Amino acid sequence: MRVLITGANRGIGLGLVHQCLKRKDRVFASCRAPNRATELQTLCKDHPDLLSIHTLDVREAGQIEALHQDIGAQVDGLEVLINNAGVYYRGLSLGELTAERSLETMHVNAVAPIIIAQSFMDLLIASKSGKILNISTGMSSMTGSPSGAYDYRASKTALNMYTRVLAQDLRPFGVIAVVVNPGWVKTDMGGQGASISVEESARGIMKLADGLKLQDSGKFFQWDGTEHVW
């Protein structure tokens, strides 16, 4: 498979790169500062035929288009797009919120993934088996009584709705779009007290990607392939 992963320099994104390389997928890994992505650079040296690293700040429309042109010049289709890049500002409680920070979070976590999906739609359609996995969070669920993390929760909930609408528009072309909760993962964000490892989450997400059918499009999944409540 040919796979594009955003936010691939650390955490779940880097874990997904590792899993794809084990499977011998062709991986296009993007991040804001490739020159500082030391582990990703090492992987690229070890797998020069399978992995390439690309500069992408998901807020920059010009960089999204440049990446599309770069990948389109190398392959005639893309089987999987994983919108993993995201931002989470800690400690912003009621009384500390600002419009600037809230809008930045919404841009990175919700708007950018849809703009990227829109840009790569031609390559996803061309592959005849295109799949978009937008990495969300259980914190985006409207079920229960969420508290705190206003910006992060709201942005990911917006991503969920964007994806539901996207799924309907892409269905006639055979392209699948879903949102995925990666679980509580041992990353910088999740902390070492989290319940699953990066490898477990990434392995589950790729297994989910392999098994997605058109009737799954628009659904919210857990990393282990079970459905998540909205």
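The values are calculated or read from the model by the stated rules, or taken from the named source; none is laboratory data. Since the structure is predicted, the reported quantities are computational estimates derived from the model, not experimental observations. In this analysis, Cβ positions are derived from the backbone assuming ideal geometry, glycine residues included, and neighbour counts consider all displayed protein chains. Quick note on the areas: whole protein, heavy atoms, side chains included, nothing else; ligands and nucleic acids left out. Shrake-Rupley method; radii C 1.70, N 1.55, O 1.52, S 1.80 Å.
Solvent exposure of region 1-58, expressed per residue, is 45 Å² of accessible area, with all protein chains present and a 1.4 angstrom probe.
The label point for Leu214 and the one for Lys128, both projected 7 Å from the Cα toward the Cβ, are 1.3 nm apart.
When nucleic acids and ligands are ignored and a 1.4 Å probe is applied, Asp224 ends up with an accessible area of around 90 Å². Of the solvent-accessible surface of region 66-134, computed with a 1.4 Å probe over protein heavy atoms with every protein chain present, carbon and sulfur atoms account for 55 percent. The separation of region 154-230 from region 53-87, counted between C-alpha centres, amounts to 19 Å. In this structure Asp46 has an accessible area near 100 Å², from a 1.4 Å probe over the protein heavy atoms. Entry for the chain at q = 0.12, 0.13, 0.14 Å⁻¹: log10 I(q)/I(0) = -0.60, -0.72, -0.84, Debye formula applied to identical alpha-carbon scatterers, no solvent contribution. Each Lys and Arg Cβ is given +1 and each Asp and Glu Cβ -1; about its Cα centre, the chain then shows a dipole of about 380 debye.
When the C-alpha to C-alpha distance is required to be over 23 Å, the pairs from Lys128/Lys156; Lys45/Lys213; Lys156/Lys219 that qualify are Lys128/Lys156; Lys45/Lys213. Rounded to the nearest 10 degrees, the angle from helix 61-74 to the longest Cα principal axis of the chain is 30 degrees. I'd like the trypsin sites (Lys or Arg not before Pro) in region 16-61 restricted to DSSP loop residues with at most 15 other Cβ atoms within 10 Å, sorted by number. Answer by residue number: Arg23, Lys24.
Model label sites at Val229 and Lys207, defined 7 Å from Cα along the beta-carbon direction, differ in position by 2.4 nm. Estimated from the Cβ-Cβ distance and a Förster radius of 25 angstrom, the FRET efficiency linking Thr143 and Arg59 is about 0.25. His107 sits with roughly 70 Å² accessible to a 1.4 Å probe, with DNA, RNA and ligands left out of the calculation.
The relative contact order of the chain comes to 19 percent, based on Cα pairs under 8 Å that sit 6 or more residues apart.
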